[in-house]
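To start, the structure itself, in structure tokens.
The values are calculated or read from the model by the stated rules, or taken from the named source; none is laboratory data. Computed from a prediction, not measured in an experiment: that's the story for all the values here. Because the Cβ atoms are built from the backbone with ideal geometry, glycine has one as well, and the counts that use them run over all protein chains shown. Just so you know, the surface numbers come from the protein's heavy atoms only, side chains and all, with ligands and any DNA or RNA stripped out. Shrake-Rupley method; radii C 1.70, N 1.55, O 1.52, S 1.80 Å.
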Amino acid sequence: MGYPESILAQGERVVLHHHPHWKCLLVPTFVFIVGTALAGVAGGYLSTSDINSTARLVLGIVIGVIWLVIVIWFFIRPFISWRTTHFVLTDRRVTYRNGIITRSGIDIPVQRINSVEFRHGLVDRVLRTGTLIIESASEDPLEFNDIPHVERVHSLLYHEVFDTRDGDDLRR
């Protein structure tokens, strides 16, 4: 799902658009692989067992339903959530949108940002991701987790804030 250009103001341009880092999908992918392997082993064991065909059919359906629930809840739902989460930096604001059925979002005007910082540990540094922390004029700091290339985003956001304030100073 692409970022809707219709929510941009006239003349506003997108500087950066990211989904959360792909590391968010590692655990769901692992659960999918393990769940599929277990369902395959259970199905293979069921096909070689000496129970009657009706019980075999019922157990096969139960295994299939359990596998389907696991795939939908632990793989497809997180994937759709990842795909529908947007972190967007424009020349005027920072926008964060997430949610599948119930959507939520926040917009922070660039001129209201007081400070921008980032945090990432060793694994995050290797994967080039991290947490971006934005402090605006009247709110507690907002943390955006799993932002890809967080240092680059930090730098771009800092320059957008700095350039906007310099432009305001020049207009006065």
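Numerical summary
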read-out	value
Relative contact order %, the chain, counting alpha carbon pairs below 8 Å whose residues are six or more apart	22 percent
Rounded to the nearest 20 debye, dipole of the chain from Cβ charges on Lys, Arg, Asp, Glu	480 debye
Residues in region 62-86 reached by a label modelled at Ser47 [backbone nitrogen below 19 Å; 7 Å Cα→Cβ]	62-68
Solvent-accessible area per residue, Å², over the chain with all protein chains present [probe radius 1.4 Å]	63 Å²
Rounded percent of accessible protein surface that carbon and sulfur make up, the chain, 1.4 Å probe	62 percent
Helical segments meeting 18 Å axial Cα length and Kyte-Doolittle 0.0 threshold in the chain (DSSP H)	26-48, 53-71
Given [x] 20.6; [y] 17.2; [z] 19.2, the label whose value is Kirkwood radius over Cα pairs in Å derived from this model	[z]
Residue-span extension gain [Arg13 to Glu143] - 0.36 nm each, minus C-alpha spacing	44.5 nm
Distance (nanometres) between label positions extended 7 Å along Cα→Cβ at Arg56 and Val34	3.0 nm
Segment Gln111-Arg125, length gained on full extension (0.36 nm per residue, minus Cα span)	2.1 nm
Order of exposure, largest accessible area first, which applies to Glu12, Glu5 with probe 1.4 Å	Glu5, Glu12
For region 78-149 and region 28-75, distance of Cα centres in Å	38 Å
FRET E, pair Arg103, Trp22, Förster distance 22 Å, beta-carbon r, rounded to 0.05	0.50
Test item: Cα-centred dipole of region 32-107, Lys/Arg +1 and Asp/Glu -1 on Cβ, debye	340 debye
Relative packing of peptides 112-121, 15-24 - highest average C-beta neighbours within 10 Å first	15-24, 112-121
